[in-house]
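To keep things clear, I will list the structure first and then write my remarks on it.
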Amino acid sequence: MRLAIMQPYFLPYLGYLQLLNGVDKFVLYDDVNYINKGWINRNRILVNGQEYLFTIPLKEASQNKLINEIFLSNDPKWRGKLLKTLEQAYKKAPFYSTAFAVTEKIINLDAEKLSDWIADGFRILVDYLDIQTEIVPSSSLYQNTHLKAQERILDICKQEKAVHYINPIGGMELYDKTVFEQNHIRLNFIKAKPIVYPQFKNEFVPWLSIVDIMMFNDVTTIQGFLNEYELV
């Protein structure tokens, strides 16, 4: 079985979804510390031809809390503001109607915890993109928070009887292929290939949220993008 483990990111960029699509089971690593100014509750879209960073407001977020201990803001206005920003940015995009409907459904999900909200959103997103990967939260299964870093990843792999673990390319300095091989697990890192698609008539801005890709491409095209990577 091929396995990947990543913190839950809201409407992530293509590389994240390539990783999710490339494995049999994807573990949402929700019982590790929240990262301020990371990508858990932030992402980028295209506004007037430029990248625009949006942030999902949270309640008393702290790096001293686990991701699954973080709650969404009680302010009811932020969802409407984000949807209005998306509407104004993309209403002339070729696949706006279908992409906005999916995104609106995700944003308006009724959840209090950030991790639950993101996980529920992933289920809508993978259904739209016809991704067959099983998604599970780490907090519900493995009972190994006493372990750290590579040891914990290895333990999850063993519990899942994984023979192949795939990690984002940024983790090359964190994980040792020899150690994984000694545990009879193949370790690879996923490296996304450059993807370019029309964004109105602007100069292309890469690595935006999957929302941007959905606005400008149909599902069949996106499914092709999901396979544009190499394992190193």
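The values are calculated or read from the model by the stated rules, or taken from the named source; none is laboratory data. Computed from a predicted model, the values in this text were never measured in an experiment. Heads up, the Cβs are rebuilt from the backbone with ideal geometry, glycines too, and the neighbour counts pull from every protein chain shown. Quick note on the areas: whole protein, heavy atoms, side chains included, nothing else; ligands and nucleic acids left out. Shrake-Rupley method; radii C 1.70, N 1.55, O 1.52, S 1.80 Å.
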(Q) Which of SER209, SER73, SER115 ends up with the largest GNM mean-square fluctuation for the chain, with Cα atoms connected below 10 Å? (A) SER73
Q.
With an 8 Å Cα cut-off and a minimum separation of 6 or more residues, compute the relative contact order for the stretch 156-232 in percent.
A. 31
Q: Output the direction-averaged projected area (hull surface divided by four) of the convex hull of the alpha-carbon atoms of the stretch 1-110, in nm².
A: 7.9
Q.
Can you give the log10 of the normalised intensity I(q)/I(0) at q = 0.25 Å⁻¹, computed with Debye over equal Cα scatterers of the stretch 121-199?
A. -1.26
Q. Which log10 I(q)/I(0) values, to two decimals, does the stretch 1-53 give at q = 0.13, 0.29, 0.32 Å⁻¹ under the Debye formula with one point per Cα?
A. -0.39, -1.15, -1.24
Q) By the scheme Lys and Arg +1, Asp and Glu -1, what is the net charge of all other residues having a beta-carbon under 10 Å from that of TYR13? A) 0
(Q) Ignoring ligands, DNA and RNA, please state the percent of accessible area on the chain from carbon and sulfur, probe 1.4 Å. (A) 48
Q | Straight-distance crosslink candidates among lysines, where the alpha carbon sits under 20 Å from LYS158 and sequence neighbours closer than 8 are dropped | A | LYS25, LYS148, LYS177
(Q) For the stretch 118-198, what does the relative contact order come out to in percent, with C-alpha contacts under 8 Å and a separation of six or more? (A) 22
Q. Where Lys and Arg each count +1 and Asp and Glu each count -1, what net charge lies around VAL232 among other residues with Cβ under 11 Å from its Cβ?
A. +1
Q: Choose one answer from ASN202, ASN33, ASN144: the residue with the largest mean-square fluctuation in a GNM of the chain with alpha-carbon springs under 10 Å.
A: ASN202
Q: Under a 10 Å cutoff between Cα atoms, tell me which one of THR133, THR178, THR98 has the largest fluctuation in the Gaussian network model of the chain.
A: THR178
Q) Taking a probe of 1.4 angstrom, what is the accessible area of GLU230 in Å², to the nearest 10? A) 80
Q.
For the stretch 90-232, report the % of Cα-Cα distances exceeding 22 Å.
A. 55
Q: Quick one: check the C-alpha center-to-center distance for the stretch 1-54 versus the stretch 99-135, whole angstrom.
A: 12
**Q.** For ILE135, residues with placed amide H under 5 Å, excluding near neighbours
**A.** PHE26
Q: Enumerate the lysines that LYS81 could reach by cross-link, defined here as Cα to Cα under 25 Å, with residues fewer than 8 away along the same chain left out.
A: LYS37, LYS59, LYS91, LYS92, LYS105, LYS113
**Q.** the stretch 129-232, accessible area per residue, ligands and nucleic acids excluded (1.4 Å, Å²)
**A.** 55
**Q.** Relative contact order (percent, whole number), the chain, Cα cutoff 8 Å, 6+ residue spacing
**A.** 29
Q. Can you give the angle from 0 to 90° between the axis of helix 77-90 and the longest principal axis of the chain, with both taken from C-alpha atoms, to the nearest 10?
A. 70
Q: Rounded to the nearest 10 degrees, what's the angle between the helix 149-159 long axis and the longest principal axis of the chain, both from Cα atoms, 0 to 90?
A: 80
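Net charge around LEU174, counting only other residues with Cβ within less than 13 Å of its Cβ (Lys, Arg = +1; Asp, Glu = -1)?
0
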Q: With only Lys, Arg, Asp and Glu charged, each at its Cβ (+1 for the first two, -1 for the last two), find how big the charge dipole of the chain is about the Cα centre; round to the nearest 20 debye.
A: 420
